[in-house]
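Report on the following structure.
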Amino acid sequence: MGDVQTTNDDEAVEPKVLTLPLDAWHRAKGGRMVEFAGYWMPVQYEGIIAEHLWTRESAGLFDVSHMGQLFISGEGVEAALEAVLPIDLSTLKPYGPRYSLLLDENGGVLDDLMVTRWNSGFYLVVNGATKWDDIGHLREHLPDEVTINHLDDSALLALQGPKAFAALERVVTGEYPLSALTFMKGGQFRIDGVEAWISRSGYTGEDGFEISIPAADAERVADLICAQPEVKPIGLGARDSLRLEAGLPLYGHDLSPDTSPVEAGLLFGINKRRRSEGGFPGAERILREIAEGTARKWVGLVLEGRQAARDGATVHLGAEQVGVVTSGGFSPSRQQPIAMAYVASAHAAPGTKLEIDVRGKRLPAEVVPTPFVPHRYYRGA
């Protein structure tokens, strides 16, 4: 949420918590609502573990309408965007989403995002907690000829899980079949007559789709998708445990202005040409780190026992603190606690034995490769 607002009498008041287009729908479905990124959002319906396992086995529908959907267009938009994003937009084919990063002048991460070439411009999806700062940053750094259109009249749904395709295919029509989409491909479709932008991507490690629709039609589309026997609504709690198992970063925890893409292992968000030429914010630091390495690395950890470590827990090798946990929790799929942490590069190799301090108790942990659960994206037959 933003800063505390003030009245005309300069009395501090709490910022208003906003509602999403599906707010009443979530409450009618039994969603337990919590404040997240300035919005009321469902943290769970029937329970986080049950919803997590259902998504891994079938298909779950997530409301991610809090995220920022932007359309950036105008004269010279491609060159202008390349000046603020470390991406080679010439390699971006129409309707193919690509992961990228918004960086500050020191190479710190301001946000991670998805960018897609649409006919006359670029469609960006940014994190909900940072979208207003992102819009402000882009307005400051893009020329006046470039227009930033915040698509705040659109809702965004994510359908995730191994049966997501079967469920969505029944309700989608378009110029080509839904099966034409593979991982990180998108296109224009219709759902019960509603115009929908659909990309085959997501945040769980499973096959799945992100669906942008007019906010006014969100309930009708959500009802239709959830009427499919494979689908249940899923809350924020399971979204977080699913992305943790998939080894995916969460902005504000695993990524921040204090972290660089190199130490976070996100070089795939910086194209080859940009790595050699630079010309983007923070390039000097990032190109140096690519060449020389970093003092710390982002790693996966599995813990012995059943007790989980949360973000902020310190990581130790004997008497020496060598890192800090950025995300952690209990893995329903693996039935054991897992975590992600920045640790000193000298101790980041898989198999390294470490300890995590949880409320004064040292828990044995081991560095492991991520993801913790294999990704199951659909890349084609």
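The values are calculated or read from the model by the stated rules, or taken from the named source; none is laboratory data. Keep in mind that this is a model prediction, so the values were computed, not measured. Note that each Cβ is placed from the backbone with ideal geometry, even for glycine, and that neighbours are counted across all protein chains shown. To get the accessible areas, we keep the full protein, side chains included, count just its heavy atoms, and leave off ligands, DNA and RNA. Shrake-Rupley method; radii C 1.70, N 1.55, O 1.52, S 1.80 Å.
Filter segment 100-136 down to residues that are in a strand (DSSP E or B), in contact with a strand residue (DSSP E or B) (Cβ under 6 Å, 6 or more places away or on another chain) and either over 20 Å from Glu284 (Cβ atoms) or of a type in the set (Ser, Thr, Tyr) (or both), then give me how many there are. Number satisfying all stated conditions: 14.
Asn149 fulfils the conditions (1) crowded, with 16+ Cβ neighbours inside 10 Å; (2) under 22 Å from the mean Cα position of the chain (by Cα); (3) not in a loop (DSSP other than H, G, I, E, B) except for a single criterion, (1). Criterion applied to Arg334, Arg306, Arg288, Arg310 was being more than 28 Å from Arg32 (Cα to Cα) and open to solvent by 30 Å² or more (accessible area, probe 1.4 Å), and the one residue passing it is Arg288.
Would you point out the residue of segment 44-77, among those that are among the aliphatic types (A, V, I, L, M) and farther than 20 Å from Gly208 by Cβ, that is nearest to the chain's Cα centre (by Cα)?
Going through the qualifying residues, I end up with Leu70.
The residue that is farthest from Gly328 (Cα to Cα), among those in segment 367-378 that are open to solvent by 60 Å² or more (accessible area, probe 1.4 Å) and touching a strand residue (DSSP E or B) at 6+ places or on another chain (Cβ under 8 Å), is Pro369.
Tell me, yes or no, whether segment 239-247 has at least one residue that is open to solvent by 30 Å² or more (accessible area, probe 1.4 Å), in the same structural domain as Arg56 (by TED's automatic domain parsing) and out of contact with any strand residue (DSSP E or B) (no Cβ under 6 Å at 6 or more places or on another chain).
Within segment 239-247 (the criterion being open to solvent by 30 Å² or more (accessible area, probe 1.4 Å), in the same structural domain as Arg56 (by TED's automatic domain parsing) and out of contact with any strand residue (DSSP E or B) (no Cβ under 6 Å at 6 or more places or on another chain)), the answer is yes, since at least one residue qualifies.
Would you check if Glu355 is of a type outside the set (Gly, Ala, Ser), outside any loop (DSSP other than H, G, I, E, B), in contact (Cβ under 8 Å) with a residue 60 or more places away in the chain and farther than 30 Å from Gly47 by Cβ? Considered against the rule, which asks whether it is of a type outside the set (Gly, Ala, Ser), outside any loop (DSSP other than H, G, I, E, B), in contact (Cβ under 8 Å) with a residue 60 or more places away in the chain and farther than 30 Å from Gly47 by Cβ, Glu355 comes out as no. For segment 313-326, filtering for residues that are open to solvent by less than 40 Å² (accessible area, probe 1.4 Å) and part of a loop (DSSP other than H, G, I, E, B) leaves 1. Ile72 meets each of the listed conditions (1) under 24 Å from Ala264 (Cα atoms); (2) in contact (Cβ under 8 Å) with a residue 40 or more places away in the chain; (3) buried (at least 19 other Cβ atoms within 10 Å of the Cβ) apart from (1).
Residues that are assigned to a loop (DSSP other than H, G, I, E, B) and either open to solvent by less than 10 Å² (accessible area, probe 1.4 Å) or farther than 18 Å from Asp133 by Cα (or both) within segment 249-263 comprise Pro249, Asp254, Thr259, Ser260, Pro261, Val262, Glu263, listed in sequence order. Could you tell me whether any residue of segment 7-24 is open to solvent by less than 70 Å² (accessible area, probe 1.4 Å), assigned to a strand (DSSP E or B) and in contact with a Ser or Thr (Cβ under 8 Å, 6 or more places away or on another chain)? Yes, the conditions are met somewhere in segment 7-24.
When residues of segment 237-265 are filtered for being of a type in the set (A, V, I, L, M) and within 13 Å of the chain's Cα centre (by Cα), how many remain? Summing the residues that are of a type in the set (A, V, I, L, M) and within 13 Å of the chain's Cα centre (by Cα) in segment 237-265 gives 6.
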